[in-house]
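Read the figures in this text as sums done on the coordinates, not as results from a lab. The structure presented is a predicted model; accordingly, all values stated were derived computationally and were not measured. Methodologically, a virtual Cβ is constructed for each residue, glycine included, from the backbone with ideal geometry; neighbour enumeration extends over all protein chains shown.
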Amino acid sequence: MATRTKTTIRTLQSRKRDRQKFSILTCYDYSTACVMDAAGIDAILVGDTYAEVCLGHSTTLPVTVEHLVTVTAAVRRGAPNVFLIGDMPYLSYQVCQVDAIRNAGKFMADAGCDCVKVEVDRRLVDTVIALARVPIPVIAHLGLRPQSIHQIGGYKAQGMTAEAAKTIIEDAKIMEDAGATGLLLEAVPAEVAQIITEATALPVVGCVSGPHCDGQVVVMHDMLGYGGGHPPKSVKRYANLHEILGGAFRAYAQDVGAGEFPTEQNSITMPEAELARLRRIL
C-alpha cells in the first residue's frame, strides 16, 4: 500500500479554495487512530470530550493537560499522516497568556500536534494573538463552547437571534484578524455558518452547524452509536457499536459460562515428552 501524503494546514486551505470538503473525527486511542488514518480521515481532534465519553464525567471540565497530551501523543503514533488538533482543556489557557503558550507548546512539542483548539470569544482575543505570535497554530472555537456550559446554562444552540448571530460573526472576524489558523463553529444556525465560511479565507470546521462549512467534525462515539457524552440528535449514525459490542460481550459470557470457551483448540499444550517428564517429577 502506498504511503499516504501528510495532511497539513496548506492542504486544508487548498481544499477550501477548491471547495472540497474535509473530514474530521474525534479520537482517543492509538488503535482507533490507526483505523482512521487508513480510512482516509483528513484530520483528528483529540477532544476534551474524552472526559465524557471515555472517563464518564458529565462535562468536559475535569480532564487535564497532562492527560490529554498523553492521549494525543498516542493518537499521533497511530495516525502520523492526519492533521492533528489538540484540544486545550478548561483553565489551560484562560488564566494567563503565559500558561496558554506553555500548555499549547506541550501539545505541539510533546504530542506532535499540527495545531491546538481553544474555546474563545472576543474577550480572549489577546490569547489568540499571543499563541499566533509564538507561533502556535490555533483554531478558534466559537458558538456553543462546552467549557462554558455553566455560564450559558447547558448544551444548546447559539446565535439563534439576529443580535447573537451578529456577535458570533463579528467574533469570527476578530479571530481571523488575531492570527487564527482556522475556525470551528459549534451548534450555530446553518445560515450563520454559511455567512462566516464565505466571508473568511480561513478553513471553517462545522460541528452541528449545517452543510456550508469547509469541513465537518463529530464525536466518534456519537456517529458510531457507542454511547456517552451528549450526542446531538442531528448527527448521522454510521454504526451501532453499543449493540454490536453488547452482542459480542453477551456471547463471550455465555460461552465461558457454558464451558464452551476456551476449548482444546484455544489452549496451549505441552509436548508429550515434557508432559511425561512433568508427571514423573510430580
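Data overview
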{"item": "Derived scalar couplings ³J(HN,Hα) [the range 212-220; Karplus, 6.51 cos²θ - 1.76 cosθ + 1.60; whole Hz; x for Gly, Pro]", "result": "8, 5, 6, x, 10, 10, 9, 6, 3"}
{"item": "Computed lengthening from HIS67 to GLU191, 0.36 nm per intervening residue step minus Cα-Cα distance", "result": "41.0 nm"}
{"item": "Point-to-point label distance, ALA273-VAL256, nm (Cα→Cβ direction, 7 Å offset)", "result": "3.7 nm"}
{"item": "Within the chain: Cβ-based charge dipole about Cα centre, in debye rounded to nearest 20 (Lys, Arg +1; Asp, Glu -1)", "result": "420 debye"}
{"item": "³J(HN,Hα), Karplus 6.51/-1.76/1.60, whole Hz, each residue of the range 168-185, x for Gly, Pro", "result": "5, 4, 5, 5, 4, 5, 4, 5, 4, 5, 6, x, 4, 7, x, 10, 10, 10"}
{"item": "Lysine-lysine proximity count for the range 9-239, Cα under 18 Å, sequence distance 8 or more or distinct chains", "result": "6"}
{"item": "Length added when fully stretched, TYR238-ARG77, from 0.36 nm per residue minus Cα-Cα", "result": "55.4 nm"}
{"item": "Gaussian network model of the chain, springs between alpha carbon atoms under 10 Å - residue of ALA109, ALA74, ALA132 with greatest fluctuation", "result": "ALA109"}
{"item": "Gain on full stretching of the segment that runs from PHE249 to LYS6 - 0.36 nm per residue minus C-alpha separation", "result": "83.8 nm"}
{"item": "Dipole magnitude of the range 1-146, debye to nearest 20 (Cβ charges: Lys/Arg +1, Asp/Glu -1, about Cα centre)", "result": "660 debye"}
{"item": "Of (i) 1.22; (ii) 1.12; (iii) 1.02, the label for Cα Rg over 2.2 N^0.38 Å derived from the coordinates", "result": "(i)"}
{"item": "Per-pair calculated FRET efficiency, R0 = 25 Å: ASP110 and CYS34 via Cβ, rounded to 0.05", "result": "0.80"}
{"item": "Structure-based [θ]222 nm, the chain - -39500 (n - 2.57) summed over DSSP H runs of at least 4, per residue, nearest 500", "result": "-12500 deg cm²/dmol"}
{"item": "Cα lying deepest toward the dipole's positive end in the chain, options VAL82, THR64, VAL128, charges on Cβ", "result": "VAL82"}
